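Q: Dropping a structure here in C-alpha cells format, bear with me for questions.
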Amino acid sequence: MIRYRLPRSWALAGAAVLLAGWLPAAAQQAADTVKLAGRPVPQIDQLPAGKQRELVQYGHDLTVRTFALIGPEVKDRKMRYAGNNLACASCHQQAAAKPFAMPWSGVSATFPQYRAREDDISTVEERVNGCMERSMNGKALPLDSREMKAFVAYTAFLSRGIPVGATVEGAGMVQSKMPNRRADLEAGAKVYADKCAVCHGADGQGIRAGKPGDAQGYTFPPLWGKDSFNNGAGMNRLAMATRFVKHNMPQGTSFDAPQLSDDEAYDVSAFMLSKERPVKANLERDFPARWNKPVDSAFPPYMLGAPADQHRFGPFPPLAEKQKQMAEEIKAKVAAERAAGKKKP
C-alpha cells in the first residue's frame with residue numbers, strides 16, 4: 001500500500017498564516033516585485049578590492065569556466081567535481097544573469113525554499129549540489145569548500161538589491177503550455193537539422209573549444225552523450241527543456257523574441273531527450289511525496305496509471321489533470337482525518 005505524506009507545502013502555508021498574526025502590519029504587506037528584464041546586472045569591478053571581490057570573481061569564473069576549474073579533465077584530480085565538460089553557464093546563460101534562462105539573480109532572496117524533489121526545505125548550497133550531481137553529472141562540493149562559498153557569494157552578488165521574499169519576474173523560465181499531443185520525434189529531427197546542428201553538431205556532440213583532455217570545454221555544448229547532463233537533471237524533463245529551448249534557442253533568442261514555435265520547441269526538445277545520456281542512480285528516491293512529482297519526470301515509480309512513454313513524450317495535460325485530482329483527494333482525506341480527530345473526546 002502506498003502512503004502519502006501530508007504535503008509539506010500545505011503545512012508551511014498554514015504556518016505562514018499563523019505567523020502573519022504576530023507580524024507588524026507593514027511586514028504583512030505584499031513583497032516587492034522585481035523585474036529582471038532591463039535591470040542592470042551588478043558589476044564585479046565595482047566591488048572594492050579584497051577577499052569578498054576575489055570570492056565573487058571566483059564564483060563568476062566557476063560559472064562560466066566550470067570545465068577548466070572543477071571539470072573531469074583538470075590536472076588536479078582532487079578538483080574533479082564536475083563529471084562532464086559543460087559550464088554552469090551552458091544553461092544559466094550570460095553568466096547566470098539572463099532573464100528567463102534560470103538566472104541566479106534573486107535566488108538569495110528566495111532560498112531557503114520548499115523543493116518538491118526532496119519534499120523538504122532546501123538551501124542554496126543544496127541547490128548547487130543538486131546541479132553538480134545532475135546537470136554536471138558529477139559529485140557534491142564540500143559545504144566548507146572555497147568553491148561552494150564562491151558559488152554562494154556570486155549568487156548573493158547577482159541578487160543584490162532584491163529584497164527577501166520578493167517576486168522575481170524573470171526567474172526560472174517562461175511557463176508556456178505544452179501541446180496536447182505526443183511529441184513528434186521525426187519533426188523534431190528536422191528542426192534540429194535546420195536550426196540546431198550548426199552549433200551543436202549533427203551528432204549532438206557540440207563543438208570543442210580545444211581538444212579532448214585539455215579542460216577547455218566547448219564553444220557550443222553537447223546535448224546528449226557521455227559529456228552531457230544526466231537523466232536526473234531538470235533539463236531531462238520535456239516540459240522544462242521545451243520552455244528553455246523556446247525562449248533561449250537558437251543563439252540570439254530571448255524570452256520576448258522567440259525564434260521557434262511552441263510545436264517546434266516541443267518536438268526538437270523531445271528529439272534531444274530521446275538520445276542516450278548518462279544515467280543517475282536512485283532516481284526512485286526523487287519526489288518522495290509522489291503527489292507533486294512533475295508529470296514529465298520520465299522515471300518510475302509512476303502514479304497516474306499512464307505508460308512510461310507518456311511521461312516521457314506526452315501528452316501531458318491529461319496527466320496534469322489526473323495529478324490535480326490526486327492532490328485534491330489527498331487534501332480532502334487529510335481534512336477528514338483532522339475533523340474526525342477533533343471530534344474525539
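The values are calculated or read from the model by the stated rules, or taken from the named source; none is laboratory data. In this text, all values refer to a predicted model and were calculated from it rather than measured experimentally. All Cβ positions, glycine included, derive from the backbone under ideal geometry; neighbour counts span all protein chains shown. Just the protein is used for accessible areas: all its heavy atoms, side chains included, with ligands, DNA and RNA removed. Shrake-Rupley method; radii C 1.70, N 1.55, O 1.52, S 1.80 Å.
Q: Restricting to the stretch 53-67, what's the tally of residues that are in contact with a helix residue (DSSP H, G or I) (Cβ under 8 Å, 6 or more places away or on another chain) and either among the hydrophobic types (A, V, I, L, M, F, W, C) or part of a loop (DSSP other than H, G, I, E, B) (or both)?
A: Within the stretch 53-67, residues that are in contact with a helix residue (DSSP H, G or I) (Cβ under 8 Å, 6 or more places away or on another chain) and either among the hydrophobic types (A, V, I, L, M, F, W, C) or part of a loop (DSSP other than H, G, I, E, B) (or both) number 4.
Q: Further, regarding this structure: Considering only the stretch 189-200, I want to know if a residue exists there that is in contact (Cβ under 8 Å) with a residue 60 or more places away in the chain and open to solvent by 40 Å² or more (accessible area, probe 1.4 Å).
A: Scanning the stretch 189-200, I find at least one residue that is in contact (Cβ under 8 Å) with a residue 60 or more places away in the chain and open to solvent by 40 Å² or more (accessible area, probe 1.4 Å), so the answer is yes.
Q: Can you tell me which residue within the stretch 260-305, out of those that are in contact with a Leu (Cβ under 6 Å, 6 or more places away or on another chain) and in a loop (DSSP other than H, G, I, E, B), is farthest from Leu238 (Cα to Cα)?
A: Leu304
Q: Moving on. Output the residues belonging to the stretch 147-194 that are of a type in the set (Asp, Glu) and in a helix (DSSP H, G or I).
A: Scanning the stretch 147-194 gives Glu147, Glu186, Asp194.
Q: Go through the stretch 153-168 and give me each residue that's within 18 Å of the chain's Cα centre (by Cα) and open to solvent by less than 40 Å² (accessible area, probe 1.4 Å).
A: Correct list: Tyr154, Thr155, Leu158, Ser159, Val168.
Q: Moving on to the next point. Could you run through the stretch 206-226 and say how many residues are outside any strand (DSSP E or B) and either on the phi < 0 side of the Ramachandran plot or among the basic types (Lys, Arg) (or both)?
A: Count: 11.
Q: Give all pairs with beta carbons closer than 9 Å in which a residue from the stretch 40-55 that is touching a residue at least 40 places away in the same chain (Cβ under 8 Å) meets a residue that is assigned to a loop (DSSP other than H, G, I, E, B); count only pairs at least 6 apart in sequence or on separate chains.
A: So the pair list comes out as Val41/Ala97; Val41/Ser105; Pro42/Ala97; Pro42/Ser105; Pro42/Ser159; Pro42/Arg160; Pro42/Gly161.
Q: For the stretch 169-184, which positions are open to solvent by less than 50 Å² (accessible area, probe 1.4 Å) and either over 20 Å from the mean Cα position of the chain (by Cα) or over 21 Å from Thr63 (Cα atoms) (or both)? Break it down into steps so the answer makes sense when it comes.
A: Going through the stretch 169-184, the residues open to solvent by less than 50 Å² (accessible area, probe 1.4 Å) turn out to be 170-174, 176, 178-179, 183.
If the condition is that a residue be open to solvent by less than 50 Å² (accessible area, probe 1.4 Å) and either over 20 Å from the mean Cα position of the chain (by Cα) or over 21 Å from Thr63 (Cα atoms) (or both), then Val174, Ser176, Met178, Pro179, Ala183 are the ones that fit.
Q: Among (1) in contact (Cβ under 8 Å) with a residue 24 or more places away in the chain; (2) over 15 Å from Leu185 (Cα atoms); (3) open to solvent by 20 Å² or more (accessible area, probe 1.4 Å); (4) in a loop (DSSP other than H, G, I, E, B), where does Phe229 come up short?
A: (3)
Q: State whether one or more residues within the stretch 74-91 are modelled with pLDDT of 95 or more, open to solvent by less than 20 Å² (accessible area, probe 1.4 Å) and of a type in the set (Ser, Thr, Tyr).
A: No, the stretch 74-91 contains no residue that is modelled with pLDDT of 95 or more, open to solvent by less than 20 Å² (accessible area, probe 1.4 Å) and of a type in the set (Ser, Thr, Tyr).
Q: Let me ask something else about it. Check every one of the helices (runs of 4 or more DSSP H) wholly within the stretch 72-144 and list those with 1 or more residues that are in contact with a strand residue (DSSP E or B) (Cβ under 8 Å, 6 or more places away or on another chain).
A: By residue number, 107-110, 124-133.
Q: Take the stretch 306-345 and flag every residue that is exposed (fewer than 11 other Cβ atoms within 10 Å of the Cβ) and either touching a Leu at 6+ places or on another chain (Cβ under 8 Å) or outside any helix (DSSP H, G or I) (or both).
A: Pro307, Lys344, Pro345
Q: Suppose we filter Gly210, Gly206, Gly188, Gly201 for residues that are farther than 26 Å from Ala37 by Cβ and at pLDDT below 95; which single one remains? Let's see the steps before the verdict.
A: Numbers: Gly206 fails: at pLDDT below 95; Gly188 fails: at pLDDT below 95; Gly201 fails: at pLDDT below 95.
Matching residue, one of Gly210, Gly206, Gly188, Gly201: Gly210.
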